[in-house]
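Novice: Below you will find the structure I want to go over with you.
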Amino acid sequence: MGLGAALNAAMSGLSLTKAQLAVAARNVANADVDGYTLKTIVGTEVHNTSTSSSSVLTNQIQRQVNTQLQSAYWESLSDTAYATQYNEYITQLDQMFGKVGDPSSIPSLMNNFTNALTSLATDPSSQSAQEVAVNAAEELSRSINSSAEKTQEMRRDADAGIADEVTQVNSILKEIENLEDSIVVERSAGRETAHLQDQMDRQLEALTEKMDVEIKQDNDGLLRISTKSGTTLYNDRASELQFTPQPTLGVGVEGNPIEVKSWSGAVVGLSSFDLKSGSMGALVELRDNTLPETQARLDELASQMALSLSQQTSEGVAADDGGAPPAATGFSVDTSKLQSSGDTIELEFDVNGESRKVTFVAVTDPSLLPLSSDVTADSNDIVHGIVIPATSTSLESQISSALGSGFDVSVDAAGELKVLSPISLGTIEITGLTAKNTRTVTAADGAEIPLFVDTKGDGGPYTGALEDGGQKTGFAQRMTVNKAIVDDPSLLAGEPDKQSSERANLLKSRLTETEYTYAPSSGIGAKNAPYVGTISDFGIETVVKQSQIASAATSAASNSKAVTSIAKNAYENSYKVDVDEELVKLTELQNAYAANARVLSAIDEMYDTLFRIA
């Protein structure tokens, strides 16, 4: 090897060592900086065949990152962000509902009310007992009101939170665009981009915390980011998320969707599949499903409680066509009191030994027909709507048309409904006929009373009307004690001239002994197996259900955090700087630098000697 080749080799080695020293020093200086990744730089041997000499080419700085561990951590981070955000809201709900035995919980307040009714039944003429019962009813009503309002307040908070998340995601996507532009420029100029890639990772990590995304790199090294369903969020240019919050978001009102507008102007809505994880997904789940279901539980409790105390039931009696012997048998029932939307007629019968049930629900708006099967909580009944007010002829026609052949239907001028089935057919046996109406006034016959009424409109009684989106929707917020009873608590003991314990005993029995079927939309029970129990039982189940949800949410948050902690440690260990190792490397590089320097010095001396000889 000639002196020129030796000089070239030494100079290239000195250049590489100098670059490696700088990288190692930077590693040590930034070892404690969050997100800083270990950097290395290596040389490539270049062999010149014409001169039979070799040199070292200094390459670009490389980051030491395990992409598999990185992907696993980011995916886990998205799950944890979802679980954590979700748990924060659920914890608030759990604190609001409390425990079954808490003095301020709904079950405890309901128990106070039933105890007050027991005391009133013992001494119905006691003014003090009457007032205590009314006060207990008011306290129970206010508690349900407060819980429902808090639920809607949280829903509005979640909606506002979605808006904040969308703003942050847009900011992150824009920063990703700016960083990638800078990386492209630096690469084109032949400069190192490792520090920019570190910054890019921080932005990608922040993005995965907000929503679950697919992150890929093309062969040219450029990023491609999309949702799980394939909607593009970034492809050379950032897309923009669009969302309009609703500050007045109320019961039964759906929140606005999140949309993605590409840089070309195309707009696509995010699907529920795109929002299965990430903090933004948790907020959408809370706003659209969890909190509405909580509201539905409260509405179900409030509506069933109001109906249970005011609903009158007329049981049908056996009837026939008057023949001797009769050719058709069945039942008849008085329907003259069916005057409110939500009142019902229930027909039960057997067909070849199989039990069936048809429920007729009264409505005042014909446009609601046909009614959905989920209007009632019973999953096994067939639901038909009947329009009221109706003449006896109209009522007969509506019921007859709904039942079809196999039944003889008649309604007389007094409202007596008779449903018969011919004995000759032998396949249909009518087993029951019931009419249920809501008592809407406090002064009338019967022990039932509209204790809880609806503040909507003119503050009328709760009947379960289906018009205007359904009276049940949001009733938990509007429920209040009837003003007539607040003004005159003695109404709980019956009419002024014939007070007794009958009404107090009936109200208590309806709350603690009579069983009702509850809508599965409340989250308690299932569509094919709805929950059946007393009002008091359902009040307890409402709190128990919330405790179960809270326990599951806390467990999910705790477990996901543990998994993410492990994934984070594994990922960080793959790129973090070992200071001791880098200090050893610095010493080795300094020795290598000194060796190259000695080679250069020796070559310099040889050149001096040659020049002197010449």
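The values are calculated or read from the model by the stated rules, or taken from the named source; none is laboratory data. What you are looking at is a predicted structure, and each value in this text was computed from that prediction instead of being measured. Virtual Cβ from ideal backbone geometry, glycine too; neighbours counted across all protein chains shown. In case anyone asks, the SASA skips ligands and DNA or RNA and just uses the protein heavy atoms, side chains included. Shrake-Rupley method; radii C 1.70, N 1.55, O 1.52, S 1.80 Å.
Novice: How many residues are closer than 30 Å to GLN471 by Cα and out of contact with any helix residue (DSSP H, G or I) (no Cβ under 7 Å at 6 or more places or on another chain) if we restrict to the stretch 309-321?
Specialist: Number of matching residues: 7.
Novice: Going by the structure shown, is LYS276 touching a residue at least 40 places away in the same chain (Cβ under 8 Å) and among the basic types (Lys, Arg)? Working first, answer last.
Specialist: Working: touching a residue at least 40 places away in the same chain (Cβ under 8 Å): yes; among the basic types (Lys, Arg): yes.
Yes.
Novice: Among the residues of the stretch 467-481, are any charged (D, E, K, R), closer than 17 Å to MET305 by Cβ and modelled with pLDDT of 95 or more?
Specialist: yes
Novice: Also, I was wondering about something else. Please tell me if GLU165 is part of a helix (DSSP H, G or I), open to solvent by 10 Å² or more (accessible area, probe 1.4 Å) and farther than 30 Å from THR514 by Cα.
Specialist: The answer is yes for GLU165.
Novice: Only one residue in SER272, SER226, SER264, SER239 is in contact with a helix residue (DSSP H, G or I) (Cβ under 9 Å, 6 or more places away or on another chain) and open to solvent by 20 Å² or more (accessible area, probe 1.4 Å), so which one is that?
Specialist: Only one candidate passes the filter, namely SER272.
Novice: If I filter the stretch 509-527 down to residues being among the polar types (S, T, N, Q) and not in a strand (DSSP E or B), which single residue comes out as surrounded by the most Cβ atoms within 10 Å (Cβ to Cβ)?
Specialist: Only one residue fits best here, namely SER522.
Novice: Mind listing whichever residues of the stretch 375-413 are touching a residue at least 24 places away in the same chain (Cβ under 8 Å), open to solvent by 70 Å² or more (accessible area, probe 1.4 Å) and in contact with a helix residue (DSSP H, G or I) (Cβ under 8 Å, 6 or more places away or on another chain)?
Specialist: ILE382
Novice: Now for a separate question. Assuming ALA318 fulfils every condition listed in (1) at pLDDT 95 or above; (2) in a loop (DSSP other than H, G, I, E, B) apart from one, which condition is it?
Specialist: Result: ALA318 fails condition (2) only.
Novice: Now for a different question. Of the conditions (1) part of a helix (DSSP H, G or I); (2) farther than 24 Å from ASN505 by Cα, ASN111 clears all except one; give me its number.
Specialist: It fails just one condition, (2).
Novice: (1) outside any helix (DSSP H, G or I); (2) among the polar types (S, T, N, Q); (3) more than 30 Å from LEU249 (Cβ to Cβ): which one isn't true of SER226, the others all being true?
Specialist: Among (1) outside any helix (DSSP H, G or I); (2) among the polar types (S, T, N, Q); (3) more than 30 Å from LEU249 (Cβ to Cβ), SER226 violates only (3).
Novice: Further question on the same structure: Condition check: assigned to a helix (DSSP H, G or I) and polar (S, T, N, Q). Does SER341 satisfy that? Spell out the reasoning first.
Specialist: Numbers: assigned to a helix (DSSP H, G or I): no; polar (S, T, N, Q): yes.
Here the answer is no, as SER341 does not meet what is asked.
Novice: Kindly indicate which of ALA306, ALA324 is out of contact with any helix residue (DSSP H, G or I) (no Cβ under 7 Å at 6 or more places or on another chain) and open to solvent by less than 30 Å² (accessible area, probe 1.4 Å).
Specialist: Of the residues listed, the single one that is out of contact with any helix residue (DSSP H, G or I) (no Cβ under 7 Å at 6 or more places or on another chain) and open to solvent by less than 30 Å² (accessible area, probe 1.4 Å) is ALA306.
Novice: What are the residues in the stretch 367-391 that are under 21 Å from GLY415 (Cβ atoms) and either at pLDDT below 95 or in a loop (DSSP other than H, G, I, E, B) (or both), if any?
Specialist: ILE388, PRO389, ALA390, THR391
Novice: Just one of (1) in contact (Cβ under 8 Å) with a residue 40 or more places away in the chain; (2) in contact with a His (Cβ under 9 Å, 6 or more places away or on another chain); (3) more than 28 Å from GLU513 (Cα to Cα) trips up VAL351, so point out which.
Specialist: (2)
Novice: Hey, another quick one. Please state which one of THR231, THR248 is open to solvent by less than 70 Å² (accessible area, probe 1.4 Å) and of a type in the set (Val, Ile, Thr).
Specialist: Just one listed residue meets the conditions, THR231.
Novice: Additional query: How about the stretch 178-203: which of its residues are open to solvent by less than 30 Å² (accessible area, probe 1.4 Å) and touching a Leu at 6+ places or on another chain (Cβ under 8 Å)? It would help to see each step written out before you state the result.
Specialist: Initially, the stretch 178-203 is screened for residues open to solvent by less than 30 Å² (accessible area, probe 1.4 Å), giving 179-180, 183, 193-194, 196, 198, 200-201.
Residues satisfying the conditions are LEU179, GLU180, ILE183, LEU196, MET200.
Novice: Here's a follow-up. Does TYR531 satisfy the condition of being open to solvent by 40 Å² or more (accessible area, probe 1.4 Å), in contact with a helix residue (DSSP H, G or I) (Cβ under 8 Å, 6 or more places away or on another chain) and under 17 Å from ASP299 (Cα atoms)? Spell out how you get there, then give the answer.
Specialist: On the way: open to solvent by 40 Å² or more (accessible area, probe 1.4 Å): yes; in contact with a helix residue (DSSP H, G or I) (Cβ under 8 Å, 6 or more places away or on another chain): yes; under 17 Å from ASP299 (Cα atoms): yes.
So TYR531 fits the description; yes.
Novice: Restricted to the stretch 333-352, and to residues that are over 22 Å from VAL411 (Cβ atoms) and not aliphatic (A, V, I, L, M), which residue is nearest to the chain's Cα centre (by Cα)?
Specialist: ASP350
Novice: Quick one: count up the residues across the stretch 338-352 that are modelled with pLDDT of 95 or more and open to solvent by 60 Å² or more (accessible area, probe 1.4 Å).
Specialist: Matching residues across the stretch 338-352 total 1.
Novice: Among the candidates SER355, SER372, which residue alone is under 33 Å from the mean Cα position of the chain (by Cα) and open to solvent by 20 Å² or more (accessible area, probe 1.4 Å)?
Specialist: SER372
Novice: Next question, about the same structure. For the structure I just gave you, tell me whether THR438 is surrounded by 15 or more Cβ atoms within 10 Å (Cβ to Cβ) and either in contact with a Cys (Cβ under 9 Å, 6 or more places away or on another chain) or at pLDDT below 95 (or both). Walk me through how you get there before you give the answer.
Specialist: Working: surrounded by 15 or more Cβ atoms within 10 Å (Cβ to Cβ): yes; either in contact with a Cys (Cβ under 9 Å, 6 or more places away or on another chain) or at pLDDT below 95 (or both): yes.
In short, yes.
Novice: Please count how many residues of the stretch 185-216 are over 25 Å from THR167 (Cβ atoms) and under 33 Å from the mean Cα position of the chain (by Cα).
Specialist: 1
Novice: Just need a number here: residues in the stretch 114-138 that are open to solvent by 20 Å² or more (accessible area, probe 1.4 Å), in a helix (DSSP H, G or I) and not small (Gly, Ala, Ser).
Specialist: Final tally of qualifying residues: 8.
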